[in-house]
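The values are calculated or read from the model by the stated rules, or taken from the named source; none is laboratory data. Not measured: the values here are computed from a predicted model. Here the Cβ is made from the backbone with ideal geometry for all residues, glycine too, and neighbour counts use every protein chain on show. For accessibility, only protein heavy atoms count, side chains too; no ligands or nucleic acids. Shrake-Rupley method; radii C 1.70, N 1.55, O 1.52, S 1.80 Å.
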Amino acid sequence: MLLRIASGVFISLLMNMSISMPVSAETEWDTIKVFETTDIHGYSMDTSTYKEETFQYRLAYIANIVSQAREDEAYDDVLLLDGGDIYQGTPISNQTYGAALRATFDKMGYDAVGLGNHEFDWDVTKYAADSEGTMAPYEIGEFKGNADIPVVMSNLYYAGTDTRVDFTQDYTIVEKAGHKIAVIGWANDYRDEIKASQIEPYEIHDDIEELKKLAANIKSREKAEVVIILVHADPADIADKLDPNVVDLVAGGHTHKMINGTSSVTGIDYMQGYCRAYGYSTTEIKISPDGEVDVETPEYVDIASDVDFIPNLYYKDGSNDALDSEIVKISQTAWDEIEEEMNEVLCTVDKSITRDFIDETNGASTVAGNWIADRMLDITKEQNTVAAFINRGGIRSDIQLEPGEKTRDITVADIYTMMPFGNRIYVYTITGKQMAEQMENALTGLNPEIGMNNGYEASNYGDQFSGIRMTYRVVDGGIKVLSIITDDGECIDVNDEENTYNVCVSEYCATLEGSVFEKLIPIASPDDAPADNLAIISELRKYQEMDGLNIEVDTTIHSMRVENRMQQDTDNRVLWIIMLVLSGAGIIYAIVILRGEHKRYDL
């Protein structure tokens, strides 16, 4: 906790002396309780068990906590914020285009929300914000309204101009306990994390100096006693760069992390409430009549990770008084509208389909990535595709076998939860060299000096793939693809610029700046390309009619370091006949005959 005087005279002195001045216990200090959620991604209610008795009413629980705070005499007022990425992610939100969440936010009485990158997944001006810069209207069952909740983002412009968009506000002034609080919206430039077609009309100016100037101007012009920056970005990073004489608190989002504390650089407090309504961050702002402002060090409160606590989120046939009844009713209304379709069983699997790496020492392959890419190949088989590419970040959930169970039914709801974005599947014709470049772009994280976490951004080019296997070696700054072989046994020359192959790619991966596919034209018009989730559901229905419910789960590691591939073959105790070849370019490779099969290892 750090006491900040309006003039900011004593900030550096207090920090250097490691002193935290106590807040007076006198009653004239007003206390405002602050709650922040972020990156909810449609999880007002978690329906992933598909058993109504174990649905988790997460926002109904948080709503009740907020309501109790509003009635608590210990607080003079309550401020409720959200950092953005509100809608995209679950069937009850996606199938209602966020109406269930807008209704919930309206009834909970949010004071302001940020604009996340996933607010652009649908028409941002229709489903996320309106021309007044407030949350868009909603209608779901008996719930209908037009939430007057400010959507704040001060650095979003129409592309190629200095004109701010008209559907977000730079800031809003909220009066709490008679005090003026400025909530200013901002975001890092997240355009690379949005489908190109959706973000093309806009650009984001993320100069932090401009934010500092704006905050100072708003504080002075509006005579705001408290200034809060609501960012769709890491709040600790932003807090380090702002002026503590102006800004009192930074509330963040986007990173799906619990980030709460006080900047060691500026003394500005920051908070971020994780994601998916697993919990919330909270703090108290204390204001004296003399303009002294003190922010308690924020903390995160978890509600959905402790197995023993989770039953507190269940409906329990209406007997659970820890849930806000109106928010429960909105959630149930949303489920009732989609329940019949969501419960349809599409197939049955005998393994969990997870996003965990099968073998991180060799490749980025995951069972979930393999399974989705296999479905993409099924969908595009009439176009003779040999490989499919998608990014692991586009696969949003796992499909787990229940403990003790040997099989798991996959429902329509599973597909929408796993693949909520509705990216179209594009088919391109590329050469062997371009195919190698595609994997080199996406799999830089296989270089141990970079690592899978640091290589995450590059993985958006499409690090999950099937239909082919490849070997690689580590080079400075990434990897070099050495060989590619299709599932049918065809060798693809990684240097070939003449022979071509059809591959299918997620729209998001294909349209990223720097993608191999960025300037290529897909075989079919983008408007005719299928949306991945809808197409997967359709394809599984066809499979069920032809072959029944059971479907194979692919656990193949599709990429492997060449040294490990050679060792693997040695371990299999196969017959080795090795011919070492020195080419004119000085490249050594080995041709190996393994029980009649020829393999080439570029060394």
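Of the GluC sites (Glu not before Pro) found in the stretch 478-516, those in coil by DSSP whose Cβ has at most 10 other Cβ atoms within 10 Å are Glu497, Glu498, Glu513. Rounded to the nearest angstrom and listed largest first, the equivalent-ellipsoid semi-axes of the stretch 237-308 from its Cα gyration tensor are 25, 15, 8. Between Val481, Asn499, Thr511, the Cα set farthest toward the positive side of the dipole of the stretch 479-558 (charges on each charged residue's Cβ, about the Cα centre) is that of Thr511. Of Ser264, Val124, Ala187, whose Cα points farthest to the positive end of the dipole of the stretch 122-268 (charges on the beta-carbon: +1 Lys, Arg; -1 Asp, Glu; origin at the Cα centre)? Most positive-ward Cα: Ser264. Please enumerate, by chain and number, the aspartates and glutamates with C-alpha under 18 Å from the C-alpha of Lys542, excluding those fewer than 8 residues away in the same chain. Straight-line reach from Lys542, under 18 Å: Glu341, Glu344, Asp374, Asp378, Glu382, Asp409, Asp414, Asp532, Glu552. In terms of packing, defined here as the mean over residues of other Cβ atoms within 10 angstrom, the peptides 523-529, 557-563 line up highest first as 557-563, 523-529. Given their separation in residues at 0.36 nm each and the Cα-Cα distance between them, Val345 and Ile310 gain 10.0 nm when the chain is fully extended.
Here the accessible area of the stretch 329-387 is 40 percent carbon and sulfur, with a 1.4 angstrom probe and all protein chains present. Reducing the stretch 84-128 and the stretch 225-292 to their Cα centroids gives an inter-centroid distance of 22 Å.
Solvent-accessible area assigned to carbon and sulfur over the stretch 397-513 amounts to 38 percent, based on a 1.4 Å probe. Relative to the Cα centre, the charge distribution of the stretch 201-351, modelled as +1 at Lys and Arg Cβ and -1 at Asp and Glu Cβ, gives a dipole magnitude of about 460 debye. As I understand it, the dipole of the chain uses +1 on the Cβ of Lys and Arg and -1 on the Cβ of Asp and Glu, about the Cα centre. Which of Ser365, Ile399, Thr54 lies farthest toward its positive end? Of the options given, the answer is Ser365. Pairs exceeding a 23 Å alpha-carbon distance, out of Lys223/Lys286; Lys107/Lys286; Lys381/Lys480: Lys107/Lys286; Lys381/Lys480. Applied to the stretch 320-327, the Karplus parametrisation 6.51 cos²θ - 1.76 cosθ + 1.60 on θ = phi - 60° returns per-residue 3J(HN,Hα) values of 7, 7, 7, 10, 6, 5, 6, 5 Hz, with x for Gly and Pro. Solvent-accessible area per residue in the chain equals 43 Å², computed with a 1.4 angstrom probe and all protein chains kept. Helix 208-222 and the longest principal axis of the C-alpha atoms of the chain enclose an angle of approximately 20°. Phi angles across the stretch 154-164 convert, under the Karplus curve 6.51 cos²θ - 1.76 cosθ + 1.60 with θ = phi - 60°, into 3J(HN,Hα) values of 8, 10, 9, 10, 5, 4, x, 9, 9, 9, 5 Hz, Gly and Pro given as x.
Orientation-averaged projection of the stretch 45-164 equals 9.1 nm² [convex hull of Cα atoms, one quarter of hull surface area]. A DSSP coil position with no more than 15 other Cβ atoms inside 10 Å describes the following GluC sites (Glu not before Pro) in the stretch 31-74: Glu73. Simple point charges give the picture: +1 on the Cβ of Lys and Arg, -1 on the Cβ of Asp and Glu, and for the chain a dipole about the Cα centre of about 1380 debye.
Classified by the C-alpha gyration tensor, the stretch 281-321 has an oblate form. Its axis ratio a/c, with a ≥ b ≥ c, is 1.5 or above, and a/b does not exceed b/c.
Of the GluC sites (Glu not before Pro) in the stretch 117-179, the ones in a loop by DSSP (not H, G, I, E or B) with at most 11 other beta carbons within 10 Å are Glu142. Taking the helices alone, the chain has a mean residue ellipticity at 222 nm of -7000 deg cm²/dmol, built from -39,500 (n - 2.57) per DSSP H run of at least 4 residues and averaged over all its residues. Under a model in which nothing but the beta-carbon of Lys, Arg (+1) and Asp, Glu (-1) is charged, the stretch 419-555 shows a dipole of about 180 debye around its Cα centre. Altogether, the Stokes-Einstein calculation at 20 °C and 1.002 mPa s, with the Kirkwood radius of the stretch 168-258 over Cα pairs as Rh, returns a diffusion coefficient of 153 µm²/s.
Dividing the radius of gyration of the alpha carbons in the chain by their Kirkwood radius gives 1.02 for Rg/Rh.
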